[in-house]
């Protein structure tokens with residue numbers, strides 16, 4: 001309850017009193033199943049599902065401002081890995097409508113909601129795939145009710161024959177698909193798959209200006225190790241903490 005109060009106070013400071021009260025009211029109606037969407041400034045209707053983690057994710061982004069990242073210049077390319085239902089992409093769209101936004105989400109149900117929320121924006125490209133360090137067919141973990149944000153992916157084993165499968169995609173693939181030379185802002189929230197993403201084939205890091213990453217050692221033991229090993233190769237960068245995210249701003253290329 002205390003955390004919820006802090007979240008609302010943060011939202012009032014960020015969005016204003018009346019806007020916050022309106023949002024709290026509409027979110028309550030969505031939770032009760034009376035409404036299915038909430039209107040967001042510069043975005044339009046955003047669709048949220050009751051009895052899921054959608055409202056919690058909405059609060060993190062639009063109330064707590066966990067992705068209120070100061071950028072030196074307006075980004076042209078934003079990549080959202082672990083897009084969930086597209087709320088980060090919508091926030092970026094509202095701020096940088098001229099940017100190319102690429103969203104990657106492995107969970108089929110979340111992806112449907114992601115498409116519903118972002119399909120009206122021609123600059124947002126969504127992939128129903130799992131980000132990985134190489135091309136591979138992966139297994140999706142069993143989904144827990146109310147924790148749609150926490151579904152993870154793994155290499156297939158003999159025990160996974162009954163689990164849903166998903167194709168992977170690499171950051172190099174995304175850059176090739178869209179003929180990108182740089183990524184101005186890279187957001188990573190992939191439920192422990194950072195262990196594999198940073199394990200090899202990480203030359204793409206040379207082309208990233210700013211990165212926001214959430215680590216998940218509490219879900220997958222030591223899954224952050226490869227991230228820290230990769231970062232140790234960089235001679236100069238600044239970092240800060242925003243909510244559950246580490247914000248990295250690169251100054252120089254690795255030696």
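Observations on the structure shown:
- Gain on full stretching of the segment that runs from residue 32 to residue 19 - 0.36 nm per residue minus C-alpha separation: 2.7 nm
- Mean residue ellipticity (222 nm) of the chain, computed from DSSP H runs ≥ 4 via -39,500 (n - 2.57), nearest 500: -8000 deg cm²/dmol
- The DSSP beta bridges internal to the chain are antiparallel in roughly 50% of cases.
- Global dimensions of segment 123-243 from alpha-carbon coordinates: Rg and Dmax equal 15.0, 46 Å.
- Rg/Rh ratio calculated on Cα atoms of segment 1-65 (Kirkwood radius): 0.93
- From most to least packed by mean Cβ count within 10 Å, the peptides 101-108, 121-128 give 101-108, 121-128.
- Relative contact order for the chain, counting Cα pairs under 8 Å that sit 6 or more residues apart, in percent: 14 percent
- Taking max minus min of the alpha-carbon positions on each principal axis, the chain gives extents of 50, 47, 37 Å, largest first.
- Peptides 60-67, 177-184 ordered by average Cβ neighbours within 10 Å, highest first: 60-67, 177-184
- Set the Cα radius of gyration of segment 208-249 against 2.2 N^0.38 Å, with N its number of residues, and you get 1.18.
- Put a dot 7 Å past the Cα of residue 74, heading toward its Cβ, do the same for residue 51, and the two dots end up 4.4 nm apart.
- Potential lengthening of the chain between residue 234 and residue 221 amounts to 2.3 nm, from the contour at 0.36 nm per residue minus the alpha-carbon distance.
- With an a/c value of 1.5 or above and a/b larger than b/c for the gyration tensor axes a ≥ b ≥ c computed over the alpha-carbon atoms, segment 29-116 is described as prolate.
- Distance between segment 204-255 and segment 55-129 - C-alpha centres, whole angstrom: 20 Å
- Folded to 0 to 90 degrees: helix 2-15 orientation relative to the chain principal axis, Cα: 90 degrees
Every number here is computed from the coordinates shown, using simple stated rules; none is lab data. Just so you know, these numbers come straight off a predicted model, no measurement behind them. Cβ: placed from backbone, ideal geometry, glycine included. Neighbour counts: every protein chain shown.
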